[in-house]
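Below: one structure, written as structure tokens.
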Amino acid sequence: MNIDLKGLKLAIIGGNSPCRQILEILLGPGLKELAPQVLMVADTMKQAEGIMYARKIGVPTTTDYSEICNLTGIDVILKLKNDVLLSCVLEKVNTEHVSIIDIDAYRAMSFLNFLEAEQEKIQIKRKIQTDKIDKKEIVELFDLFSKKIQNNAEEENRYLMAEREDLLETEKEMSQVIQGSTIPTFIINNEHIITHWNTACEELTGHRAYELVGTDKQWVPFRSAKRPTMADVIVGGMSEQEVSKYYSSSWRKSGLINEALEAEEFFPHLGKEGKWIFFTAAPIKSPDGKVIGAIETLKDLTEDKKTQEELELQDKELSTLYEKYKKSEEKYRSLFNNNPNPIFIMDRKTFEILDVNHRVEEEYGYGKTELLGTPFLDIGDRSDETVKHGLEELLENKSILFTKRKHIKKDKTSFFVNIKVVNATYSHRDVLIASATDITESVEKETQLIQAGKLATLGTMAAGMAHEINQPLNVIQICSDLILKMIKKGIHIPDDELVIMANDIIDNVARAAGVIKHVRDFARQSERDLKKLEINDPIKDVFKILGHQLTVHSIKVKLDLDPKIPEIRAEHNRLEQVFINLVTNAIDSMDEKAEKSETSVEKILQIKTFADKKWVVTEVSDTGLGMTEEVKRKIFEPFFTTKETGKGTGLGTSISFGIIKDYGGTIDIESEPGKGATFIIKFPAIE
């Protein structure tokens, strides 16, 4: 750093410790003959060390940065402080006449060394100009000065080496955060060279990072010929006309991110059938405001385009927020904070939260300080131990995905998320990085589909339910008629007979009420609230609705339920729906076989439960038509049915498959044409 101090007029922004050191040397006796002037010191902190010293020695001070811009005759502004307000304020300064020197920790040390060296030079000149000094003393003075310069250089070099190591470590740590993000992301530098291409981007495009990082081939996964990506547009500083040349009317300025551009486009070369991608690009800037690169995030909208056009507005909200980058650490911290998904960094052993991004505060309603030190499991359903077990079993360099997990916000409202957890290193310690994606809307739609399936099931069961209610009503009617006839004929009813009939009426009222309550409970829309239960209970409740229908269809039922079966974690209501679907399908299959057979067919429905190591197993068998291999492959597809037109929706087995999968279970089929079918359902047992 080389500045002519003679008659220099300067102002200082930032009243920290280096400010005081600069004032002490600059206005001290050592540089008096150069007559430098400090016109003003500015800082919003009135008690800052440099501000207090400036007031002590009579240098004007201010808390309003704009006053610096109004100074006349000023040569240099030393900027010792980073403040978001300064960029706007200093834009008013005429840089043709005033130099603005941005001094970070290293430059502050370098500037102080420069001032001390200038001070030493003046002292040496003074001694040389005296008549009493000899050549030997001159040599000694210059030796001392040379050593001083050498020591300063070595000190600055050590500082630079340490800072370089810190920046490399910071870049490594924050790169892992980017790599662990579930949002496809790539970054290019100001020469359009790819520096980052994360795993999610690899999965979306099918192109590996090692193929692209270090090249300018970011266009390859998307185009058949070279064309600027949106990140290239940012780095190249293209005009709006140039951008429109490449992106027509599909692009726009981001409404959320300053200086960012976004667009939505169909890429026929992505995947087998092409993909709709929503992408956002924003500049990465150095502390002096120069564009040093760009970051681009991608969102696959293909499925959304096929099913829900209204999600386009929501996809815009998933755009990441980007800020100006002042140095390497700030650059990567900004990527972390502005990720569109909530991200938690937690201790690998205790699962305590070590850090969160801004999205967590927005989505969950907690302040960052409220979450630090809190167990990650506390923001979810504490009774759901599968997340805890999954985290405990997470292996080195592996990841795990938890689907449809309930999380609780600060205001006690709940919502559903998919959680992806990966191993990483953060601040020199092993951690887990968890990214949560809100899927509440899809869970609600799935719940509505399950509810529709329940109502359809109840429609087919109407005759059976009517019989179950009519039986107790008939008993009540008979008892009531008998009592009325005996009263009209004046016949005395013995007390013991009256008690018997009253008890019959009470028992059958309770029976009818129980049937109605069970049907009502089954029909209501259940929330996703997993609880411990024995699988035998929903199986037994199936016969409260289907008991009469099985009798009418001459079906023999064999129940072999293990009374000591371990508990599982599920919802009674939905499991009952699964078994009702399986039993009604078995009834239809056995009836159809009997209709086609010229001889009598024995109809047997068998349900068996038992424990197998860590699994709770249920087998539902019938003596129906059985299935071909093709039917077995398609049986769980939505709207697939083997029943005649109008007799089946094709949703029952599909809904059942989804419910079983939700609870971590599996379902397999053993069947041959003409030999019936066995559905084998397994759920993880609670240890």
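Here, each number is a calculation from the coordinates, and none is a lab measurement. Every value quoted in this text rests on a predicted model; they were computed, and no experiment measured them. All Cβ positions, even for glycine, are placed from backbone atoms using ideal geometry, and neighbour counts span all protein chains on display.
Here are the numbers:
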quantity	calculated
Added length on full extension, which subtracts the Cα-Cα distance from 0.36 nm per residue, residue 602 to residue 389	72.0 nm
Alpha-carbon Rg/Rh ratio, for the range 173-252, with Rh computed the Kirkwood way	0.99
Protection-proxy order for peptides 359-365, 623-629, each taking the mean of Cβ atoms within 10 Å per residue, highest first	623-629, 359-365
Projected-area mean, the range 347-438, by convex hull of Cα positions, square nanometres	5.6
Simple spin-label estimate for residue 372 and residue 473 in nanometres, 7 Å along Cα-Cβ	6.7
Surrounding net charge for residue 101, when Lys and Arg each add one and Asp and Glu each subtract one, Cβ distance under 10 Å	+1
Under the Karplus curve 6.51 cos²θ - 1.76 cosθ + 1.60, θ = phi - 60°, whole-Hz ³J(HN,Hα) for the range 199-213, x wherever Gly or Pro sits	4, 4, 5, 4, 5, 5, 9, x, 10, 7, 4, 5, 7, 10, 4
FRET efficiency estimate (nearest 0.05) - Cβ-Cβ, residue 350 to residue 409, R0 25 angstrom	0.60
Long pairs among 388/532; 532/608; 410/682; 564/682; 544/608, criterion Cα-Cα beyond 25 Å	410/682
Fewest-first sequence of 256, 372 by Cβ atoms within 10 Å of each Cβ	372, 256
Packing-based exposure ordering (other Cβ within 10 Å, fewest first) of 279, 679	279, 679
Additional length obtainable on full extension of the chain from residue 551 to residue 592, 0.36 nm per residue less Cα span	13.1 nm
Amide H within-cut-off set for residue 567, under 5 Å, with H built and near neighbours excluded	686
Ranked by how many other beta carbons lie within 10 Å on average, peptides 23-35, 50-62 from highest	50-62, 23-35
Linear extension gain, residue 425 paired with residue 9, 0.36 nm per residue minus alpha-carbon span	144.9 nm
Rounded FRET efficiency, nearest 0.05, which uses the C-beta distance separating residue 189 from residue 125 and R0 of 51 Å	0.65
Order of 479, 201 - criterion: other Cβ atoms within 10 Å of each residue's Cβ, fewest first	479, 201
Förster radius 41 Å - calculated FRET efficiency between residue 82 and residue 239 (Cβ-Cβ, nearest 0.05)	0.85
Label-to-label distance, nm, for residues given as residue 630 and residue 266 (7 Å Cα→Cβ offset)	3.2
